[in-house]
Amino acid sequence: MAQPKYRHPVNQQMAQSEADLGPRVADAATAFIGSWRFLVIQSIFVVIWLTGNVILFFHFDPYPFILLNLAFSTQAAYAAPLILLAGNRQVMRDRMTLEHAASQSDVEEEQNEKLLTGNTEILQKVAGLEKQILELEQKILSELRPNPSGAAS
């Protein structure tokens with residue numbers, strides 16, 4: 001069975017590290033047991049079992065339905081550990097996702113600090129240029145204005 005391709009690095013890592021068949025079976029079984037399809041199939045099975053044994057189409061499990069109870073107990077005995085295994089894997093996947101998000105946040109924070117530092121330097125240079133421009137404007141204006149002492153002579 002070909003493995004699906006994942007975009008998120010955590011899912012890629014989980015898919016690559018999943019050499020064991022057990023965890024994959026636990027995930028698949030839990031996904032099926034927790035689905036509406038399973039509930040409908042099991043409900044239909046129980047209705048057929050009960051109806052068949054009460055109306056006597058087949059009479060291998062009479063009224064207290066001990067065999068049906070044993071089947072449910074066996075199902076629960078296997079379902080519980082599978083659900084716990086799948087839950088443990090989900091917890092590990094969530095932890096890895098949070099660690100990845102935290103490391104990405106650290107990288108983004110460093111980038112933001114560099115950008116902020118660069119912007120501050122640019123603003124300081126712009127302020128210096130504005131000061132030089134104002135000085136040059138003052139100098140040009142002072143040279144263009146007629147000298148009042150020169151006009152009287």
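The values are calculated or read from the model by the stated rules, or taken from the named source; none is laboratory data. Nothing here was measured: the structure is a model prediction, and the numbers come from that model. Quick reminder, even Gly has a Cβ in these numbers, built from the backbone with ideal geometry, and neighbours come from all protein chains shown.
The number of residues in region 52-78 that are surrounded by 12 or more Cβ atoms within 10 Å (Cβ to Cβ) and over 40 Å from the mean Cα position of the chain (by Cα) comes to 7.
The residue that is modelled with the highest pLDDT, among those in region 79-96 that are among the small types (Gly, Ala, Ser) and surrounded by 12 or more Cβ atoms within 10 Å (Cβ to Cβ), is Ala79.
List the residue pairs whose Cβ atoms are under 8 Å apart, where the first residue sits in region 98-117 and is free of Cβ contacts under 8 Å to residues at least 24 places away in the same chain and under 15 Å from Val10 (Cα atoms), the second is of a type outside the set (Asp, Glu) and not in a helix (DSSP H, G or I), and the two are 6 or more positions apart or on different chains. If the second residue must be of a type outside the set (Asp, Glu) and not in a helix (DSSP H, G or I), no pairs are left.
Can you spot a residue in region 80-93 that is among the charged types (D, E, K, R) and part of a helix (DSSP H, G or I)? Within region 80-93 (the criterion being among the charged types (D, E, K, R) and part of a helix (DSSP H, G or I)), the answer is yes, since at least one residue qualifies.
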